[in-house]
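Every read-out reported here was derived from the displayed coordinates using simple, explicitly stated rules and does not represent laboratory data. Nothing here was measured: the structure is a model prediction, and the numbers come from that model. So basically every Cβ, Gly included, is an ideal-geometry build from the backbone, and we count neighbours across all protein chains shown.
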Ligand SMILES: [Zn+2]
C-alpha cells in the first residue's frame, strides 16, 4: 500500500488542523474592542498536527 503523496505532517484529528480559534465572549470592552479569547486545541496544543505516536517502521525487531 503506497500513497503517491504521503502527507508531511498528520492533521490533528481533533481539530482538523484548526488548532486555535477566536471565540467571542459577547459584548465589548471599554475600548470598544470585541472581546475574544483564543482557544487552543488540547490535543495538539495549538499546533494543528497530530503528535507522532506510532512508528510503524522499525517497531518490530
Ligand atoms: Zn488539534
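Below is a table of values for the structure above.
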item	result
Compactness of the stretch 9-49 - radius of gyration and Dmax, Cα, Å	13.2, 42
Inter-site label distance for residue 10 and residue 31 at 7 Å from Cα along Cβ, in nm	4.0 nm
Relative contact order (%) - criterion: Cα under 8 Å, at least six apart; region: the stretch 9-49	50 percent
Label-point separation, residue 38 to residue 22 (7 Å along Cα→Cβ), nm	1.0 nm
